[in-house]
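Some notes on the structure that comes next.
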Amino acid sequence: MPSPATSSSPIATARLLLEPVRSEFAPALLTHMNDWEVMRWLASPPWPYGLTDMEGWIDRASRARLEGRDLDMTIMLSGLPIGCIGVTGLDLDPVLGYWLARPFWGRGYMSEAAAAFVDCLFSDGHSFLASGVLAGNTASLRIQKKLGFRVVNERYIHARPHGRQMPHLDTVLGRTYWSRLRRAA
């Protein structure tokens, strides 16, 4: 039986709704993701990114959710998709990733979505989450630090949109520290 974090249940915040990715979101998500200012901070998608890429990702994400390996959610604002947040490796070592469409940057949406998503994962019993950012992505690192993630390593990773190795900061967050931060808030 799927746990609350890996189920199809939406996660509501004050302004947003996080829903499992679905094929009908593909056109809107593709439009937002096909912006180099969004894509340049991601490590795995190809560039340029086409509708076939988006539909393939949604299909893989749906299967992985059903198998309890990954959980990818669409960030919805007023019924419209504005980004995605997800975790890979739920069955082993969970790694958080996310992106948000550029018109919605700087309004606190990603911090809000990430806090709700992380809370759901930790309430589901996970002990820690890993994440990270490509060096220079100060906005994303600021979100992670606000959530309590700490930089634990610097390394080079292959950034597929760039087609080369790039500096990356690895971050981690433990459930105990997260709980302490939430109680203090």
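Quick notes on this one:
- Which listed residue is out of contact with any Cys (no Cβ under 6 Å at 6 or more places or on another chain), farther than 25 Å from ALA130 by Cα and touching a residue at least 12 places away in the same chain (Cβ under 8 Å), from ALA43, ALA14: ALA14
- Restricting the first member to the range 55-68 and to residues that are free of Cβ contacts under 8 Å to residues at least 40 places away in the same chain, and the second to residues that are exposed (fewer than 14 other Cβ atoms within 10 Å of the Cβ) and assigned to a helix (DSSP H, G or I), the beta-carbon pairs closer than 7 Å and six or more apart or on different chains are GLU55/SER23; ILE58/SER23.
- Within the range 122-154, the residues that satisfy the criterion of being open to solvent by less than 90 Å² (accessible area, probe 1.4 Å), farther than 24 Å from ARG107 by Cα and not in a strand (DSSP E or B) are PHE122, ASP124, GLY125, HIS126, SER127.
- If you go through the range 119-160 and pick out every residue that is in contact with a strand residue (DSSP E or B) (Cβ under 6 Å, 6 or more places away or on another chain) and among the small types (Gly, Ala, Ser), you end up with 7.
- Any hit, the range 106-115, residues being out of contact with any Pro (no Cβ under 7 Å at 6 or more places or on another chain), surrounded by fewer than 19 Cβ atoms within 10 Å (Cβ to Cβ) and part of a helix (DSSP H, G or I): yes
- Failed item, numbered, when ALA113 is tested on (1) more than 27 Å from ALA12 (Cβ to Cβ); (2) among the aliphatic types (A, V, I, L, M); (3) touching a Leu at 6+ places or on another chain (Cβ under 6 Å): (1)
- Test for ARG183: is it open to solvent by 20 Å² or more (accessible area, probe 1.4 Å) and not in a helix (DSSP H, G or I): no
The values are calculated or read from the model by the stated rules, or taken from the named source; none is laboratory data. Fair warning: this is a prediction, and the values are worked out from it, not measured in the lab. Note that we place each Cβ from the backbone using ideal geometry, even for glycine, and neighbour counts take in every protein chain shown. Quick note on the areas: whole protein, heavy atoms, side chains included, nothing else; ligands and nucleic acids left out. Shrake-Rupley method; radii C 1.70, N 1.55, O 1.52, S 1.80 Å.
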